[in-house]
2 protein chains.
Amino acid sequence: MSKPSVVRGTRDFGPEKMVRRNYIFGTIKSVFEKFGFQPIETPAMENLSTLMGKYGEEGDQLLFKILNSGNFSEKIGQPDLDEGYKKLTTKISEKGLKYDLTVPFARYVVMNRNDLAMPFKRYQIQPVWRGDRPQKGRYREFYQCDADVVGTDSLICESEIVLMIHEVMQKLGINFMLKINNRKILTGLSEAIGAVGEEGTLAVAIDKLDKIGKEKVLEELAEKGFSADSLSKLDPIFEISGTNQEKFLKLEELFQNSEIGQKGIAELKQVWTYLSAFGVSENNIELDITLARGLSYYTGAIFEVKALDVQIGSITGGGRYDNLTGTFGVPGLSGVGISFGVDRIYDVMEELNLFPENQSVTTKLLFCHFGENELNYALPLLQKARLVGVNTEVYPDVSKIKKQLDYADKKKIQFVCIIGSDEMNTGILTLKNMISGEQEKLNFEDILSKLG
Amino acid sequence: MSKPSVVRGTRDFGPEKMVRRNYIFGTIKSVFEKFGFQPIETPAMENLSTLMGKYGEEGDQLLFKILNSGNFSEKIGQPDLDEGYKKLTTKISEKGLKYDLTVPFARYVVMNRNDLAMPFKRYQIQPVWRGDRPQKGRYREFYQCDADVVGTDSLICESEIVLMIHEVMQKLGINFMLKINNRKILTGLSEAIGAVGEEGTLAVAIDKLDKIGKEKVLEELAEKGFSADSLSKLDPIFEISGTNQEKFLKLEELFQNSEIGQKGIAELKQVWTYLSAFGVSENNIELDITLARGLSYYTGAIFEVKALDVQIGSITGGGRYDNLTGTFGVPGLSGVGISFGVDRIYDVMEELNLFPENQSVTTKLLFCHFGENELNYALPLLQKARLVGVNTEVYPDVSKIKKQLDYADKKKIQFVCIIGSDEMNTGILTLKNMISGEQEKLNFEDILSKLG
């Protein structure tokens, strides 16, 4: 018999991890709800017709596809095999596991648009699946934690996303830097350097500035056909520095002839204005014109959050998109959203010891006993403790006290009552605090008022 | 472009359903935790080697199987097709979606047994997937809500499961009948009627007593080869009635020569004794010797809960199994568990109007406004309201007031503040209660202390 294992790239979550993950989810949820977002859930399985073509060719490959039920190969012959696995897939699989929460959300909006309060603000906390090569911090099954508003292009929404990021990070105790850019600034940039329509290539390259440095970025762009003139115009842009307001000024100068670039600046400045009306300090916010994040998708603001005290990728990201539902035949719905990367946030909090103590979901009081009679004596007490809301257990077997105390230890149970014949005779019980070692002799009512 | 749809047998859950489902989950969770159960989660995907052979041949067929990533058909040829889809499946699929929470739990216990506090009490609330034909109330993706104790055969655990069922149903407001049986009673029954080793066939037949009646049950058993003598002995057993204690007496008489039957009675009587020590009334509990529920699996107690005021199948079920982990090479772990059928509980509660009102996760206060200036005026107020924990929104676009109020209506927002020039000049705002229609003129501090 082979040893059982989990599927590569997937994980079990035991009680301790569950509690910590739920702490993160709970924090984010409460912030989402405070800002008027409502929860929805969509199925794990979606029709492949819903999923395919939404994530680029690589994404299509990374989708987990579900074999059709029943005799799926009945009509398959050698010619089908000869056509290769991609074509074959379409003949034996109609369903896949969702790859993100955004596409199912778009499907949901299209299917329910007549019943939704528009603008529709929803949040969604569910697992998604990707057939990526598993590696440290990258899983094949992981939770996403998204909030989106669709049906408005008001920049109030962008500024509220910034507020939510602030509140979540502050509640979790994570020092962070929020980088903001705007797709229109990237477009403006390509216009300003005389490479109209090349913002995609430009963005992919300058997105790597942090990692590979200016020289390599310029090299890559030269290879991709950017003229020497364009590159010489780009060079000083890398040097744009100073406060956010100073950057705005320099960009406005640069974009004198780029209408779209000007629009990008205007949008971001409006977000800054709202933030100042909201009373948010901009200490944690940085305009970063090299931020691109899945450029093909975003049409306005682009967000990315980095944790300051830990070397790790971005822990949160998002942006505005103008055509969420166009792919399902409903054009004109603009939206803006944010996705918290719970696995990375977990790692950051663990490394920095940010989880609050005593968060375990566990029993508060365990009855131990010297035998069957003592166990029976405990039963009505157990019930009384539960009645006042105390999580309580009795060790269910007649066993050595040491074994029973080991159980309490392992489960991090704080209080133990050991029932022996003395206790049964007098009704005075010894309450032992397993953490401090303190012992107190009390009747059961007093124990309840102490723990209840 | 085809209209998007959900996969047949799966569902989206919008904000209203989410809140109601979370109410059920939350109620069950709090009871589980009160009894010392801790949460775990396992992945949606399991290796097929973990899942196959655990649910019978039909179960194997109903598993959703995931196509291997990459060029899965590279090594497949006509001979593989000729062997049929079942063999072919093993060559192109290694993973499946979990079918229940019990088998993944068993895998988890085996993989982590050295670290677990034994007896291990876990609960798990997650979706499972089954390729059943979808029909009313039966889905291909649905949540299970399980609690199990493994590593002890103490009947305290059975009685605590009864307590948990009582508490959950009582909290949800559902009138119920809990039916209890014991696998050993079914075995005893087959011995008592001279059909040793035939308890499987016997149980499958008498499980249908409710639905098809006594005559049909006897007919079925005759067809399966039960002798006339056996059937004539079985006949009076159907008539066993009276209180639980009267039934125990009659069965003890019947099982004079069946050691295992006697053991079954003794176990159940012990559970009853514990329940009375716990102070539980047995009004909602009925010994039902025809209850079988997946007999091949259970070895001791068998539970089933029916809602009394609605025509619907069982809403909760469970029992004791003695070899949970044997299939993974770790014998000797006895366990007992319960599974709450959340979809049916939902239907019962909806039909009987049992959901508490005002449970929606929504905004408490919406700022409406007559234009850009008024919107800007609202921003710092918005922030103040959130600071004291009030879920607050501002309508993000400049729109007609009617449209803004429609939004509040649709989202069931209770309070609305409309900002106009008067309000901006005086700082006195009108707080409108959208439910009662009441209006009050207050300054913002007073509004906050009213809503906070």
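The values are calculated or read from the model by the stated rules, or taken from the named source; none is laboratory data. Only a predicted model underlies this, so the values are computations on that prediction, with no experimental measurement involved. For neighbour counting, all protein chains shown are included, and Cβ atoms are generated from backbone atoms with ideal geometry for every residue, glycine included.
Residues that are part of a loop (DSSP other than H, G, I, E, B) and in contact (Cβ under 8 Å) with a residue 24 or more places away in the chain were ranked within region B:334-353; the one that is nearest to B:Lys410 (Cα to Cα) is B:Leu352. Reported count of residues in region A:394-448, each being β-branched (Val, Ile, Thr), free of Cβ contacts under 8 Å to residues at least 40 places away in the same chain and under 21 Å from A:Gly371 (Cα atoms), is 6. When B:Val128, B:Val109 are checked against the criterion of being more than 8 Å from every other protein chain (Cβ to nearest Cβ), among the aliphatic types (A, V, I, L, M) and touching a Gly at 6+ places or on another chain (Cβ under 9 Å), B:Val109 stands alone in meeting it.
Residues of region B:27-74 being of a type in the set (Val, Ile, Thr) and either facing chain A (nearest Cβ under 7 Å) or without any contact (Cβ under 8 Å) to a residue 40 or more places away in the chain (or both), which ones? Answer for region B:27-74, where residues must be of a type in the set (Val, Ile, Thr) and either facing chain A (nearest Cβ under 7 Å) or without any contact (Cβ under 8 Å) to a residue 40 or more places away in the chain (or both): B:Ile40, B:Thr42, B:Thr50, B:Ile66.
Residues that are in a helix (DSSP H, G or I) and either among the hydrophobic types (A, V, I, L, M, F, W, C) or in contact with a Leu (Cβ under 8 Å, 6 or more places away or on another chain) (or both) were ranked within region B:205-219; the one that is farthest from B:Leu291 (Cα to Cα) is B:Leu218. Annotation: of all residues in region B:212-241 being in contact (Cβ under 8 Å) with a residue 12 or more places away in the chain, among the hydrophobic types (A, V, I, L, M, F, W, C) and more than 20 Å from B:Asn181 (Cα to Cα), the one that is surrounded by the fewest Cβ atoms within 10 Å (Cβ to Cβ) is B:Leu231. Scanning region B:130-180 for residues that are of a type outside the set (A, V, I, L, M, F, W, C), crowded, with 22+ Cβ neighbours inside 10 Å and closer than 16 Å to B:Glu33 by Cβ yields B:Asp146, B:Asp148, B:Glu160.
Taking the criterion of being under 12 Å from the mean Cα position of the chain (by Cα) and either within 14 Å of chain A (Cβ to nearest Cβ) or within 16 Å of B:Phe13 (Cα to Cα) (or both), the only residue of region B:145-156 that qualifies is B:Ala147. The condition of being in a loop (DSSP other than H, G, I, E, B) and in contact (Cβ under 8 Å) with a residue 24 or more places away in the chain holds for only one of A:Pro356, A:Pro331, that being A:Pro356.
For region B:193-204, does any single residue satisfy the condition of being surrounded by fewer than 23 Cβ atoms within 10 Å (Cβ to Cβ), touching a residue at least 40 places away in the same chain (Cβ under 8 Å), of a type outside the set (Asp, Glu) and within 28 Å of B:Thr273 (Cβ to Cβ)? Within region B:193-204, none of the residues are surrounded by fewer than 23 Cβ atoms within 10 Å (Cβ to Cβ), touching a residue at least 40 places away in the same chain (Cβ under 8 Å), of a type outside the set (Asp, Glu) and within 28 Å of B:Thr273 (Cβ to Cβ).
Restricting attention to region B:390-409, the residues that are within 19 Å of A:Ala277 (Cα to Cα) and either over 36 Å from the mean Cα position of the chain (by Cα) or among the small types (Gly, Ala, Ser) (or both) add up to 5. Of all residue pairs spaced 6 or more apart or on separate chains, those with beta-carbon atoms under 6 Å, a first member in region A:93-121 that is over 18 Å from B:Leu97 (Cβ atoms) and of a type in the set (Gly, Ala, Ser) and a second member that is at pLDDT 95 or above and not in a strand (DSSP E or B) are A:Ala117/B:Tyr407. Under the condition of being within 20 Å of A:Phe105 (Cα to Cα) and among the hydroxyl-bearing types (Ser, Thr, Tyr), the residues counted in region A:155-188 number 0.
Examine region A:315-337 for a residue that is away from every other protein chain (no Cβ under 14 Å) and farther than 21 Å from A:Pro104 by Cα, and state whether such a residue exists. Yes, because at least one residue in region A:315-337 is away from every other protein chain (no Cβ under 14 Å) and farther than 21 Å from A:Pro104 by Cα. The numbered conditions (1) modelled with pLDDT of 95 or more; (2) within 13 Å of chain A (Cβ to nearest Cβ); (3) more than 31 Å from the chain's Cα centre (by Cα) are all true for B:Ile419 except (2). The set of residues in region A:423-438 being on the phi < 0 side of the Ramachandran plot and either surrounded by 12 or more Cβ atoms within 10 Å (Cβ to Cβ) or in a loop (DSSP other than H, G, I, E, B) (or both) consists of A:Glu423, A:Met424, A:Ile428, A:Leu429, A:Thr430, A:Leu431, A:Lys432, A:Asn433, A:Met434, A:Ile435, A:Ser436, A:Glu438. B:Lys410 meets all of the listed conditions (1) buried (at least 16 other Cβ atoms within 10 Å of the Cβ); (2) of a type in the set (D, E, K, R); (3) modelled with pLDDT under 95 but one, namely (1).
For A:Leu88, state whether it is in contact with a Leu (Cβ under 7 Å, 6 or more places away or on another chain), more than 8 Å from chain B (Cβ to nearest Cβ) and of a type in the set (A, V, I, L, M). Taking the combined requirement at face value, the residue does not satisfy it.
When the residues of region A:399-416 are filtered to those that are part of a loop (DSSP other than H, G, I, E, B) and out of contact with any strand residue (DSSP E or B) (no Cβ under 8 Å at 6 or more places or on another chain), the one that is farthest from the other protein chains (Cβ to nearest Cβ) is A:Lys400. Here A:Ile302 meets each of (1) among the β-branched types (Val, Ile, Thr); (2) without any contact (Cβ under 8 Å) to a residue 24 or more places away in the chain; (3) under 28 Å from A:Val109 (Cα atoms) with one exception, condition (2). Filtered by the rule that a residue be of a type outside the set (A, V, I, L, M) and assigned to a strand (DSSP E or B), region A:153-195 gives A:Phe176, A:Lys179, A:Asn181, A:Asn182.
Give B:Leu375, B:Leu381 a once-over and let me know the one that is farther than 29 Å from B:Lys29 by Cα, outside any strand (DSSP E or B), out of contact with any Gly (no Cβ under 8 Å at 6 or more places or on another chain) and in contact (Cβ under 8 Å) with a residue 60 or more places away in the chain. Of the residues listed, the single one that is farther than 29 Å from B:Lys29 by Cα, outside any strand (DSSP E or B), out of contact with any Gly (no Cβ under 8 Å at 6 or more places or on another chain) and in contact (Cβ under 8 Å) with a residue 60 or more places away in the chain is B:Leu381. All of (1) crowded, with 17+ Cβ neighbours inside 10 Å; (2) over 25 Å from A:Gln78 (Cα atoms); (3) modelled with pLDDT under 95; (4) not acidic (Asp, Glu) hold for B:Leu101 with one exception: (3). Number of residues in region A:315-329 that are touching a Leu at 6+ places or on another chain (Cβ under 9 Å) and surrounded by fewer than 20 Cβ atoms within 10 Å (Cβ to Cβ) equals 3.
The test for being of a type in the set (S, T, N, Q) and crowded, with 20+ Cβ neighbours inside 10 Å does not hold for B:Asn244. Hey, can you tell me all the residues within region B:94-140 that are assigned to a loop (DSSP other than H, G, I, E, B) and more than 20 Å from the chain's Cα centre (by Cα)? Residues satisfying the conditions are B:Arg113, B:Asn114, B:Asp115, B:Leu116, B:Ala117, B:Met118, B:Pro119. Tell me yes or no: at least one residue of region B:77-87 is among the aliphatic types (A, V, I, L, M), surrounded by 23 or more Cβ atoms within 10 Å (Cβ to Cβ) and over 16 Å from the mean Cα position of the chain (by Cα). No: region B:77-87 contains no residue that is among the aliphatic types (A, V, I, L, M), surrounded by 23 or more Cβ atoms within 10 Å (Cβ to Cβ) and over 16 Å from the mean Cα position of the chain (by Cα).
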